[in-house]
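Notes follow the structure.
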Amino acid sequence: MSAARLIDTNVLVYRFDPRDPVKQQIATDILRTGLADGSAALSHQSLLEFVAAVSRPNRDLSGEPTLARAEALLEAESLARYRAAAERTGRALKWGRITS
């Protein structure tokens, strides 16, 4: 039996960062595959860090945040629900919010 790899906050942030489409696609692939097959896990701390990172003003985006705070919270909540459901059932589930 192998342990799931913990997803770093940066992977969550890159998933929504429009400045680097290559990193964005890699992050999407890591999340899609890892969450679908159970080889990746999310920590509560990473979800909190994700919300803080993407909802603060970003110089490279003309001072706008990567995501509005409400949108960042919805994404984190969706991930948290997915994580809780996977833990309850003890198996991998599909997370429908990850799209290309």
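What percent do you get for the relative contact order of the range 5-89 when only Cα pairs under 8 Å and 6+ apart count?
Numbers: 84 pairs, mean separation 22.4, N = 85.
Relative contact order comes out at 26 percent.
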query: In nm, to one decimal, how far is the modelled label at Ala70 from the one at Arg5, with both set 7 Å along Cα→Cβ?
result: 3.6 nm
statement: Residues whose built amide H sits under 5 Å from the amide H of Ala41, excluding neighbours closer than 5 in sequence, are Arg5, Leu6, Ile7
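None of the figures in this text is laboratory data; all of them are computed from the coordinates on show. Just so it is clear, the structure is predicted and the values come from calculations on it, not from any experiment. So basically every Cβ, Gly included, is an ideal-geometry build from the backbone, and we count neighbours across all protein chains shown.
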